[in-house]
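Visitor: A single structure is presented below for examination.
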Amino acid sequence: MAASSLSSPAASRTPNLKSAPAPSPSPSTRRMAADAASAAAAVAAADSKARFEAYNRLQAAAVAFGEKLPIPEIVAIGGQSDGKSSLLEALLGFRFNVREVEMGTRRPLVLQMVHDPTALEPRCRFQEEDSEEYGSPMVMATAIADLIKQRTESHLRKIQAAVSSKPIVMRAEYAHCPNLTIIDTPGFVLKAKRGEPESTPDEIRSMVKSLATPPHRLVLFLQQSSVEWCSSIWLDTLKEIDPTFRRTMIVISKFDNRLKEFTERWEVDTFLSASGYLGDNIHPFFVALPKDRGTISNEEFRRQICQVDIDVLRHLRDNVKGGFNEEKYGSYIGFSCLRKYLESELQKRYKEATPATLALLEQRCTDVSMDLTRLDSKLQATSDVSQLRRSAMLHAASICTHLHALLDGAADPAPEIWGKTTEEEQMHSGIGSWPGINMPVKPANSSLKLYGGAAFERVMHEFRCATYSMECPQVSREKVANILLAHAGRGGSSRLTEAAAEIARAAARSWLAPLIDTACDRLAFVLQSLFDLAMERNRNKDAQYHQNVEDMDSYVGFLAALRCSYYKFVKELSKQCKQIVRHHLDSVTSPYSHICYDNDFLSGVGSVANSMSRFNHFTGVTSFDLADSGSALEEAQENLPPRDQQHMTPPNKGNESKEVLRESQLTVPETPSPDLPSDVHGGKKKDNGIPNDGGPRKRQARMAAYTNRNHHNSMIAADDMGSKSGSSYSTICAISAQYFAKMREVLIERNVPSALNSGFLTPCRERLFLALGFELFAVSDDKFMDMFVAPGAVDAIQNERQSLLKRQKILLSCLNEFKNISRAL
């Protein structure tokens, strides 16, 4: 009783301890819940499909227009025969023999799979090459494979290569395929096939790496189950692409080939875990597909795929002792698991990338609009000739202004970057050493980087140094004899003097003329080099002051014409300067010039002239023997160069020296100041390094000592002339050297500097813009527009504009779709 009495309360209280059972929902409530769930699933599916379609269209536009858009994509990689093509066919839900297309592995294939419940038969369309349009639907599996092969062979033949990274895009709409996009890449190979270049394996590997490396792409890596992890050939390549496997999905294909090796549970679990090779958080998928390659229907193909998954799981459960860790690895075994994961992962990436894609599309649309505006401006400019003329004139005037500033002296742009040393000027101009000068000529500041007016003056100084380093060249006895004997036949009292002057004139014309031409060429190069500096100054000025002027940098034809006109102007100046300076040279070396006959000059020659006077009055000059007699007097003549030396050393102040001109002596001459007086008749020059013409005084003493040994009667005269016949050659050379030095001095100190300055610098300051304007702008409108619009350029701009309009339309359509998707998110 007690027990019963104890139990009865308990029994009586039992119903009170439990909650009251919930009332069962009514049929109408169940129907509403089911309808709501169905509606939510339908909305989710619609959103997913909308995102997928938007990305597919964006991907097609990116391929067509070469856009680099970070679209989430799956890139399938692996070795050849690792099962990539079979996996793609399984995902599509039908076979189209892509695995039989040998050349299909030499070009990427972008498969856009679209789940369309109304497409009971697969509809495949290929995107046209270099277009975003798709062709007509194709239903025959053989036709699909043939078209892939045909496009691959045609493209590779066109680019003369074994592989290409340009993809083929195929869109497949089918009721039994998921919403998925996969890029199938050429399989890795160890050795090229017969007939292919040896570099084909490296080219394939490089191309696949470039396709799989971008961080917005997922990597689907396939490897056969028969390959051990420790001996995987391509696993190292995968680590180069994605070292942490953060965006990699690993698929072990042909898993059924490995099943018969498993007998114990630990063997299966060890293989499925890939312990020690992939990391703890990396779980590969294990897939087996039908091996029957016979002709079967698409429905049978899909049934076989499902059956293989069932058979693999049954084998692991029934034929392996202890089975396997199904809770841990079950979701990674079978094709159906891989398909669901790929689709969900891609949709997840699509959703995450939508905001960034929207922002990128807005930026691209803005860029395309700016490009269209630029093209419209170009088209408008082709019709508004007057505005284009005005802009071109302003640009040319600005360049001329900067050229004037550079000639007057400027340090912008930086001379350290834009200037040139003397050696660099010689190298870049193609003008090496000065003609006739066998020793280096280094003017002052030769190591500094100069341009403009400073470089011009340095070249002028270098020209003076080079000229003063040259003495009257050695004249052969034959030439002296020809000139002297010809003058002897004319009669007169100054036959030897005239002969020496003629020798000096010929030497000055033949040796100074090349130096003058070289100086003009060097100065022209200095001026031509200023064009690039003027362009740089003009760009810097526009950027500094933000001037609202039309940008002329895009008009390459006009800039080229402006450069050519400036070069032509400088070249013409150089030609005129050569003519002017040559005229001065001809005047100085003319037989009618007073230089060789000034009393001051002749008195400076000293006893050499007195000695020659005796020769001039001797009637038997035609009997002189000018052959080389080895006379001691000849060796004592200072103006006679050593026989083994082709160029004389320049004379020095005071006593002359026979030492070779040192480098320090070459830099002594400087441009004389206009305020300092200079002796124009060959006197001493103390400040500019001009040779001292008082040197012959020492020779005068020697010649006098020599002639005093002779008597002045008629009987001794014959002996006197016989002894002097050997020294007449040296005497003429000495006088010729004096004449040459005087001609050189007058030419370099009086004529050349002013001629070159007025011939080069003055026209550049006063006539440059007029000359450029006359050549560039004083032409008809048609000829003027040829500088801005090349033949067919308007059509090219129109075609580019149409392409941009088409691109803008596609991008705006994608932008609107992504805006709608973003609002739905």
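Visitor: Criterion first (open to solvent by 50 Å² or more (accessible area, probe 1.4 Å) and over 38 Å from the mean Cα position of the chain (by Cα)) does C124 satisfy it?
Guide: Spelling it out, it is not the case that C124 is open to solvent by 50 Å² or more (accessible area, probe 1.4 Å) and over 38 Å from the mean Cα position of the chain (by Cα).
Visitor: Please pick out the residue among D82, D146 that is assigned by the TED database to the domain that holds E343 and in a loop (DSSP other than H, G, I, E, B).
Guide: Only one candidate qualifies: D82.
Visitor: Does any residue in segment 559-577 that is more than 19 Å from L388 (Cα to Cα) come within less than 9 Å, Cβ to Cβ, of a residue that is at pLDDT below 95 and not in a helix (DSSP H, G or I) six or more places away or on a different chain, and which pairs are these?
Guide: Final answer for the pair search is F569/R767.
Visitor: Inspect segment 272-283 for any residue being among the hydrophobic types (A, V, I, L, M, F, W, C) and open to solvent by 40 Å² or more (accessible area, probe 1.4 Å) and give the result as yes or no. Can you show your working first?
Guide: First pass over segment 272-283, keeping only residues among the hydrophobic types (A, V, I, L, M, F, W, C): 272, 274, 278, 282.
Narrowing further to those that are open to solvent by 40 Å² or more (accessible area, probe 1.4 Å): none.
No, segment 272-283 has no match at all.
Visitor: Further question on the same structure: Is it the case, given these coordinates, that A397 is open to solvent by 30 Å² or more (accessible area, probe 1.4 Å), assigned to a helix (DSSP H, G or I) and modelled with pLDDT of 90 or more? I'd like the intermediate steps shown before the answer.
Guide: Values: open to solvent by 30 Å² or more (accessible area, probe 1.4 Å): yes; assigned to a helix (DSSP H, G or I): yes; modelled with pLDDT of 90 or more: yes.
Yes; evaluated as a whole, the condition is true for this residue.
Visitor: Next question, about the same structure. Check segment 438-453 and report whether any residue there is modelled with pLDDT of 90 or more, crowded, with 22+ Cβ neighbours inside 10 Å, in the same structural domain as K578 (by the TED database) and of a type in the set (D, E, K, R).
Guide: No; the residues of segment 438-453 include none that is modelled with pLDDT of 90 or more, crowded, with 22+ Cβ neighbours inside 10 Å, in the same structural domain as K578 (by the TED database) and of a type in the set (D, E, K, R).
Visitor: Okay, moving on. When you scan segment 226-237, do you find a residue that is open to solvent by less than 40 Å² (accessible area, probe 1.4 Å), modelled with pLDDT of 85 or more and small (G, A, S), even just one?
Guide: So far as segment 226-237 goes, no, none of its residues is open to solvent by less than 40 Å² (accessible area, probe 1.4 Å), modelled with pLDDT of 85 or more and small (G, A, S).
Visitor: Going through L403, L407, L375, L360 one at a time, which residue ends up being over 28 Å from the mean Cα position of the chain (by Cα) and either surrounded by fewer than 12 Cβ atoms within 10 Å (Cβ to Cβ) or more than 30 Å from P72 (Cβ to Cβ) (or both)?
Guide: L407
Visitor: Taking the condition of being open to solvent by 70 Å² or more (accessible area, probe 1.4 Å) and polar (S, T, N, Q), how many residues in segment 335-357 meet it?
Guide: Counting residues in segment 335-357 that are open to solvent by 70 Å² or more (accessible area, probe 1.4 Å) and polar (S, T, N, Q) gives 0.
Visitor: Of all helices (runs of 4 or more DSSP H) completely enclosed by segment 263-349, which ones contain at least 2 residues that are at pLDDT 90 or above?
Guide: By residue number, 265-273, 298-318.
Visitor: If I filter segment 454-469 for residues that are in a helix (DSSP H, G or I) and either touching a Cys at 6+ places or on another chain (Cβ under 8 Å) or not assigned by the TED database to the domain that holds F769 (or both), do I get at least one hit? So that I can check it myself, show each step before the final result.
Guide: So the first thing to find is which residues in segment 454-469 are in a helix (DSSP H, G or I), and the list is 454-468.
Those left that are additionally either touching a Cys at 6+ places or on another chain (Cβ under 8 Å) or not assigned by the TED database to the domain that holds F769 (or both): none.
Within segment 454-469, none of the residues are in a helix (DSSP H, G or I) and either touching a Cys at 6+ places or on another chain (Cβ under 8 Å) or not assigned by the TED database to the domain that holds F769 (or both).
Visitor: Mind telling me which of the residues R246, R303, R217, R265 ends up being of a type in the set (K, R) and open to solvent by less than 60 Å² (accessible area, probe 1.4 Å)?
Guide: So the residue among R246, R303, R217, R265 that is of a type in the set (K, R) and open to solvent by less than 60 Å² (accessible area, probe 1.4 Å) is R217.
Visitor: Same structure again: Criterion first (among the aliphatic types (A, V, I, L, M), at pLDDT 90 or above and within 30 Å of A778 (Cβ to Cβ)) does A524 satisfy it?
Guide: Criteria met by A524.
Visitor: Return the only residue of A737, A796, A771 being within 34 Å of the chain's Cα centre (by Cα), at pLDDT below 90, of a type in the set (A, V, I, L, M, F, W, C) and open to solvent by less than 60 Å² (accessible area, probe 1.4 Å). Show your work before the answer.
Guide: On the way: A737 fails: within 34 Å of the chain's Cα centre (by Cα); A771 fails: at pLDDT below 90.
None of the others qualify; the one that does is A796.
Visitor: Here is a further query. Would you check if V208 is open to solvent by less than 20 Å² (accessible area, probe 1.4 Å) and under 21 Å from Y350 (Cβ atoms)?
Guide: On the way: open to solvent by less than 20 Å² (accessible area, probe 1.4 Å): yes; under 21 Å from Y350 (Cβ atoms): no.
The answer is no for V208.
Visitor: Residues of segment 130-143 being surrounded by 13 or more Cβ atoms within 10 Å (Cβ to Cβ) and either part of a loop (DSSP other than H, G, I, E, B) or touching a residue at least 24 places away in the same chain (Cβ under 8 Å) (or both), which ones?
Guide: Result: S131, E132, Y134, G135, P137, A141.
Visitor: Return the pairs, sorted by first residue and then second, in which the second residue is crowded, with 17+ Cβ neighbours inside 10 Å and not in a helix (DSSP H, G or I), the first residue lies in segment 526-540 and is hydrophobic (A, V, I, L, M, F, W, C), the beta carbons are less than 8 Å apart, and the residues are 6+ apart or on different chains.
Guide: As it stands, the answer is V526/Y451; L530/Y451; L533/P413; L533/Y451, since those pairs meet every condition given.
The values are calculated or read from the model by the stated rules, or taken from the named source; none is laboratory data. Everything numeric in this text was worked out from a predicted model, so none of it was measured. With ideal geometry, Cβ positions are generated from the backbone for all residues, glycine too; neighbour counts draw on all protein chains shown. Remember, those area values only see protein heavy atoms, side chains included, never the ligands or the DNA or RNA. Shrake-Rupley method; radii C 1.70, N 1.55, O 1.52, S 1.80 Å.
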